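We did not get these values from a lab; they are worked out from the coordinates using the rules stated. Quantities reported herein were computed from a predicted structural model and do not represent experimental measurements. Cβ placement follows ideal geometry from the backbone for every residue including glycine, while neighbour counts extend to all protein chains displayed.
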Amino acid sequence: MIKACYIHIPFCSSICSYCDFCKVYYHDKWITDYLNSLEREIKNIYQGEELDTIYIGGGTPTCLNIDELKRLFEILKIFNISDHLEFTIEGNIESIDKEKLELFKTNKVNRLSIGVETFNPNHLKFLNRNHTTQEVTDKIKLIKNSDFDNINIDLIYAIPNQTIDDVKKDIELFLSLDLPHLSVYSLIIEEHTKLYIDGTKNIDEDLDYKMYKTINEMLSSSGYHQYEISNYAKDNYESRHNITYWNNDEYYGFGLGASGYIGNIRYTNTRSIDNYIKGNYIYESEKLNEIEKLENALILGLRKTKGISISEFNNKYHKDILNDEIVKGLIKEEKLIKEVDNIYINPKYLYLSNEILIRFIK
Ligand SMILES: C[S@@+](CC[C@H](N)C(=O)[O-])C[C@H]1O[C@@H](n2cnc3c(N)ncnc32)[C@H](O)[C@@H]1O
Ligand code: SF4
């Protein structure tokens, strides 16, 4: 039974130099048609299940104006929701205001995820982001005063010319905000981005690792636990929506470029806004066979620091995970640790998890 739903709002008021997510410049001429098409897509696909998590991501969903957001929430009234719904909306500092926060509250949004990336003015400029530390502090105060406590910010490290001290300063400023969740990503120079076109190079791998360790130590000594490679939370503030992905459970994905997993089919929607508005939603879809399902369960599940529950895995896939040759090999190499009912990546190797996870791809 599907319990999670992702909705993509692709509009952004400015485009960041590093971003290869599915996004387009905000233009009001598109919004009505986009939202109408989103409504048709949801009505075609949604089967009425009670949803436990909804995640409106982007792009920058908060860059819609108040009337556009009201229309979006009207569309979402179609969903049956559980009493303990986790309802996240993604946004940026500039586009959040009191009126929008009130609207979110009225419509049961109870989690906010905000791209801050860094507090350093030079690095912000390099990333083409436009906010000051004072604005971040003020907006977070406004969000808390509007009765939201489940708040995440995103940070990026490994920015060219960034030093360990800069990273420490960013984490100190994050800690000063007293928030329960942090997503922190090493900068990826993605193709098709300004950084890539400008020939930007990744920072030295050793420095990247030192930054990762610094972040890890500062957060763990401040009461945050790392529950996924890039995600840290105070107890009970882990993102239940994202855990759905890592548990390899099914979810709806609606909107431009969104992906979903329904009835053993993984699909990705078109990234062409013209096609999407015309109702040509799907770009590609693939029915998974048993081997691919297991592969996904291992690759996604081992991203979580507590890894995979052996009994749950065996029940769900009717296979003994401990009989898998790759799992056996990795346990022998001490890259995976087996505890009573769990297998997980040895924390020593978590930083290199991609190199471990890639071994599951047949
Ligand atoms: C798609 S954005 C959505 C949030 C919102 N649009 C914003 O940026 O304020 C989600 C997050 O992904 C991360 N991200 C995007 N591109 C990245 C890249 N190339 N390398 C590392 N992190 C990246 C950023 O931390 C960003 O906040
Ligand atoms: S990082 Fe966020 S705001 Fe920047 S271009 Fe990507 S989706 Fe838009």
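May I have the extent of the alpha carbons of the chain along their three principal axes, as whole Å values ordered from largest to smallest?
For the chain, the Cα spread along each principal axis is 57, 50, 41 Å.
When DSSP beta bridges are limited to those with both residues in the chain, what percentage is antiparallel, rounded to the nearest 5?
Among the beta bridges of the chain, antiparallel pairing accounts for roughly 40 percent.
Find the eigenvalues of the gyration tensor of the Cα atoms of the stretch 38-188, then list the square roots of 5 times those eigenvalues as equivalent ellipsoid semi-axes, largest first, in whole angstrom. List each step's numbers first, then the result.
Details: eigenvalues 190, 50, 42 Å².
In descending order the semi-axes read 31, 16, 15 Å.
State, to one decimal in nm, how far the label point of residue 282 lies from the label point of residue 196, with both points 7 Å from Cα in the Cβ direction.
With each label point 7 Å from Cα toward Cβ, the separation is 2.7 nm.
How big is Rg to Rh over the stretch 287-343, alpha-carbon atoms, Rh as the Kirkwood inverse-mean-distance radius?
Here Rg/Rh amounts to 0.94.
With the crude spin-label approximation of a point 7 Å out along Cα→Cβ, what separation in nm comes out for residue 264 versus residue 230?
Computed distance between label sites residue 264 and residue 230 equals 3.1 nm.
Check which residues have an amide H placed less than 5 Å from residue 228's amide H, if you skip close sequence neighbours.
For residue 228, whose amide H was placed from the backbone, the distant partners under 5 Å are 305.
Could you list 252, 245 so that the one with the fewest beta carbons within 10 Å of its beta carbon is first and the one with the most is last?
245, 252
Restricting things to Cα coordinates, could you compute the convex hull volume per residue of the stretch 199-299 in Å³?
Hull volume over Cα atoms, normalised by residue count, gives 171 Å³.
Please express the Cα-Cα pair-distance distribution P(r) of the stretch 1-99 as a list of whole percents, one per 10 Å bin, running from 0 to the bin with the greatest distance.
With 10 Å bins starting at 0, P(r) equals 14, 47, 32, 8.
Name the cysteines of the chain that stand alone by the Cβ rule: no other cysteine Cβ under 4.7 angstrom.
For the chain, the answer is 5, 12, 22, 63, because their Cβ atoms have no other cysteine Cβ under 4.7 Å.
When the expected Rg is taken as 2.2 N^0.38 Å, what fraction or multiple of it is the alpha-carbon Rg of the stretch 1-44?
Rg over 2.2 N^0.38 Å, computed on Cα atoms: 1.41.
So if I take the centroid of the Cα atoms in the stretch 192-261 and the same for the stretch 128-145, what is the distance between those two points in Å?
That distance is 21 Å.
Add -39500 (n - 2.57) for each DSSP H run of 4 or more in the chain, then divide by its residues: what number comes out at 222 nm, to the nearest 500 deg cm²/dmol?
On the way: 14 runs with 137 residues, N = 362.
Computed mean residue ellipticity for the chain: -11000 deg cm²/dmol.
Among 218, 211, which comes first, then next, by fewest other beta-carbon atoms within 10 Å?
Fewest-to-most ranking of 218, 211: 218, 211.
Using Cβ contacts closer than 10 Å as the measure, can you line up 172, 94 from fewest to most?
Placing the least packed residue first, the sequence is 172, 94.
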